[in-house]
Amino acid sequence: MRRLHPALRAVALAAVTLLGACATPPERKPEPAATTPSPAQSAAEAEPERALQRGRLKPMPVRPLSIKTDCRFKDEVGYGGSAVLDVSHSEVRAFAATVDVPKRGSCKFDLADFRQVLKEPHVELQARDGCTVRMWEQGEQVTVAFSECAKRCTRGTFEYVWPILVDRSSGQCT
């Protein structure tokens, strides 16, 4: 039997692989619909509700966001920034933020460039260029997150920007 040249063998293998990828998978039979849940299914579905009743799980309250801070932060590698926030009853009165990413650049955000488009369940600011700033409460922290804001940053910086977290009780941010 004659052996194929290695290049021809690779082409033949690729052709066989492509043909195999085009094969139609066997038809699956639909599973019969369960008419009554099993006792295990019923218990699993009822568990979150019982936990809520026992007080272990508590939903976050939907309430107006209020926070006022002027903070600065910097970590061990030099990632840092600042935030000025004045939000009262979900109405943004003042907002300015700067994020500095080491060896990348910085981003700047100012309320004058935004309009408030949402108050609940979270505060949302939107700029004409598509940049969106969202603020929400998580326990004792307020999160300030940015999306689609690359135009407000030095080129290539926005991919490295994290949300700013503000501790409600101390006003410190990270």
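Entry remark, the stretch 118-137: residues being loosely packed, with under 15 Cβ neighbours inside 10 Å and within 19 Å of the chain's Cα centre (by Cα) number 4 in total.
Consider the stretch 83-99 and keep the residues that are surrounded by fewer than 18 Cβ atoms within 10 Å (Cβ to Cβ) and either in contact (Cβ under 8 Å) with a residue 40 or more places away in the chain or out of contact with any Leu (no Cβ under 7 Å at 6 or more places or on another chain) (or both). The one that is nearest to VAL166 (Cα to Cα) is VAL84. Would you mind stating whether VAL123 is at negative phi and out of contact with any Asp or Glu (no Cβ under 8 Å at 6 or more places or on another chain)? The answer is yes for VAL123.
The strands (runs of 3 or more DSSP E) located wholly in the stretch 103-174 that include 3 or more residues which are touching a Pro at 6+ places or on another chain (Cβ under 7 Å) and at pLDDT 95 or above occupy 141-147. Starting from the stretch 134-153, keep only residues that are closer than 16 Å to PHE114 by Cβ, then list their pairs with residues that are small (Gly, Ala, Ser) and exposed (fewer than 14 other Cβ atoms within 10 Å of the Cβ) whose Cβ atoms are within a distance under 7 Å, requiring at least 6 positions of separation or different chains. Short answer, once both residue conditions are applied: GLU148/GLY130. Checking the structure you have, find out if any residue of the stretch 87-101 is on the phi > 0 side of the Ramachandran plot, over 22 Å from the mean Cα position of the chain (by Cα) and part of a loop (DSSP other than H, G, I, E, B). Yes, because at least one residue in the stretch 87-101 is on the phi > 0 side of the Ramachandran plot, over 22 Å from the mean Cα position of the chain (by Cα) and part of a loop (DSSP other than H, G, I, E, B).
The values are calculated or read from the model by the stated rules, or taken from the named source; none is laboratory data. Computed from a prediction, not measured in an experiment: that's the story for all the values here. So basically every Cβ, Gly included, is an ideal-geometry build from the backbone, and we count neighbours across all protein chains shown.
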